[in-house]
Amino acid sequence: VDEQMLNVQSKNSAYFVEWIPSNVKTAVCNVPPPGYDLSGTFIGNSTAMQELFKRINEQFISMFRRKVFLHLYTGEGMDEMEFNEAESDISDIITEYQQYQECGIDDTYEGEEGEEEEVVEDEEYE
């Protein structure tokens with residue numbers, strides 16, 4: 001499975017961005033669904049992941065505000081402040097993904113001869 005994923009990454013390297021290291025994770029389940037010999041999971045890290053993080057963050061905030069299950073963690077020695085830090089960290093990750101999504105392509109593009117050309121966006125003229 002890992003070999004095949006490396007092949008996919010090699011063949012489609014133009015579609016994988018440099019700023020997300022280790023952007024592919026795979027897992028093989030030794031107990032496949034009935035009728036199959038093998039089961040696998042593929043997750044590609046892209047800016048689409050921010051939707052997953054947003055959903056998780058909303059659920060986390062909802063539960064944390066109501067202090068659901070908090071006693072289990074504080075009873076084991078965690079401080080309530082660590083939950084505030086976790087909320088802040090996940091919000092930072094969402095913001096970072098959003099910035100990369102809005103950026104799209106770089107402001108500059110390296111041409112065939114190696115010279116840099118500025119990418120000009122369409123402007124509306126009045």
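Examine region 99-122 for a residue that is at pLDDT 70 or above, surrounded by 13 or more Cβ atoms within 10 Å (Cβ to Cβ), within 16 Å of the chain's Cα centre (by Cα) and closer than 30 Å to residue 8 by Cα, and state whether such a residue exists. Steps first, answer last, please.
Filtering region 99-122 for residues at pLDDT 70 or above gives 99-103.
Restricting the remaining residues to those that are surrounded by 13 or more Cβ atoms within 10 Å (Cβ to Cβ) gives 100.
So of that shortlist, the ones also within 16 Å of the chain's Cα centre (by Cα) come out as 100.
Still in the list and also closer than 30 Å to residue 8 by Cα: 100.
There is at least one residue in region 99-122 that is at pLDDT 70 or above, surrounded by 13 or more Cβ atoms within 10 Å (Cβ to Cβ), within 16 Å of the chain's Cα centre (by Cα) and closer than 30 Å to residue 8 by Cα.
Can residue 82 be described as over 22 Å from residue 103 (Cβ atoms) and open to solvent by 70 Å² or more (accessible area, probe 1.4 Å)?
On the way: over 22 Å from residue 103 (Cβ atoms): yes; open to solvent by 70 Å² or more (accessible area, probe 1.4 Å): yes.
Yes; evaluated as a whole, the condition is true for this residue.
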Pick from region 28-61 the residues that are open to solvent by 50 Å² or more (accessible area, probe 1.4 Å) and either assigned to a strand (DSSP E or B) or aromatic (Phe, Trp, Tyr) (or both): which of them is modelled with the highest pLDDT?
-> 60
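The values are calculated or read from the model by the stated rules, or taken from the named source; none is laboratory data. Keep in mind it's a predicted model, so treat the numbers as computed, not measured. So basically every Cβ, Gly included, is an ideal-geometry build from the backbone, and we count neighbours across all protein chains shown. Areas reflect the complete protein model, heavy atoms only, side chains present, ligands, DNA and RNA absent. Shrake-Rupley method; radii C 1.70, N 1.55, O 1.52, S 1.80 Å.
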